Amino acid sequence: MVTETPTLTGELVARPTLRDRATRHWRAWLAMAVRYGLLTVFGLAFVVPFLWMFLAAFKPQAEIFQYVYPLSWKTFIPQEWTLENFARLLALDPYPFTRYLGNSLFVAVAVTAGSLVVNSMAAYAYARLDFPFRNLLFVLSLATVIVPFEAFAIPLYLEMRTFDWVNSYKALIIPWIANGAGIFLLRQFFLDIPRDLIEAARIDGCSHIGAFARIVLPNSVPALITFALIRFQASWDSFFWPLIVAPSPEKRVVQVAIATFTTEVQTQWGLTFAASTLATLPILLLFLFLQRYYVQGVLMSGIKG
């Protein structure tokens, strides 16, 4: 029910009663409770496996699955805390696990840096330069995203073998610098930069490279950080390609090293969880510190079509 209240001009204005306001308040509270309840459930579904992995890294091998069922606090909290798993990682033969972490870090940083340079310049060309077959070439570069890696893995490996790059960092880095998805993401962001700024820089005597370096890049930091995070994570998590092109222990990356803990005979769960914990920390810390740029870059790059 509503009540009608006269205004200063004599008009009757419908106003909600106390009961109506209470009903609206409870509906809003219930909707908020349901929303946060669902977010909590989904959040726990993502966090609990990582929490179990992290705490299991500090358990002895025999205790990891000892209290899995029935589910209790003993499932997660170690009854006997130990650093044995991490100590064994540092004593691996022929190289300690830190060597594999260093390989992954070097490859991921090199791929990310090269991708930022090459793909940002290609994206600027597609966004602001006029040249023959520009749209066709952009579509072709974007079409490479939908081609599964398994379709060109063997030809790419044969190419690396022809170049004598097998078991080298070059095979792990160079083929992954150009990226169609990154060109698309950066191009969409560059299209939002006013053309007048670039034209003004050109009138003042800047070349296209100067306008790109002094106008476009400083105004595209969120998109560049977003793309850098995506490329770093993709390179860090890469498994199949490093497995076939760099099988030697000297060039082994962290994901391949973790896979060696599982054999036909047994799985060394203590080493697997400890190594997975160390491999997760760099990506987790990067996203925690740069997440606001990541969200901003994705939103602003995906709006303009």
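What follows is calculated from the coordinates using simple rules that are stated; it is not laboratory data. As the structure is a prediction and not an experimental result, all values here were calculated from the model. Positions of Cβ are backbone-derived with ideal geometry, glycine not excepted, and every protein chain shown enters the neighbour counts.
Within the option set Tyr124, Tyr169, Tyr95, Tyr100, being within 30 Å of Ile215 (Cβ to Cβ) and of a type in the set (Phe, Trp, Tyr) holds for one residue only, Tyr124. Keeping to segment 109-154, report how many residues are under 23 Å from the mean Cα position of the chain (by Cα) and surrounded by fewer than 10 Cβ atoms within 10 Å (Cβ to Cβ). Number satisfying all stated conditions: 3. Of the helices (runs of 4 or more DSSP H) contained entirely in segment 181-272, those carrying at least 2 residues that are closer than 25 Å to Leu290 by Cβ fall at 221-236, 254-259. Across segment 150-174, the qualifying residues are those that are in a helix (DSSP H, G or I) and in contact with a Ser or Thr (Cβ under 9 Å, 6 or more places away or on another chain), and the one among them that is farthest from Ala127 (Cα to Cα) is Met160. Taking (1) surrounded by 15 or more Cβ atoms within 10 Å (Cβ to Cβ); (2) of a type outside the set (A, V, I, L, M, F, W, C); (3) more than 31 Å from the chain's Cα centre (by Cα) in turn, Lys74 satisfies each apart from (1).
The residues of segment 206-254 that are basic (Lys, Arg), over 18 Å from the mean Cα position of the chain (by Cα) and buried (at least 20 other Cβ atoms within 10 Å of the Cβ), listed by number, are Lys251, Arg252.
Just checking: which of the helices (runs of 4 or more DSSP H) contained wholly in segment 44-149 hold 3 or more residues that are free of Cβ contacts under 8 Å to residues at least 40 places away in the same chain, out of contact with any Gly (no Cβ under 6 Å at 6 or more places or on another chain) and more than 27 Å from Phe227 (Cα to Cα)?
Details: elements: 73-76, 84-90, 97-128, 134-143.
Ranges flagged: 73-76.
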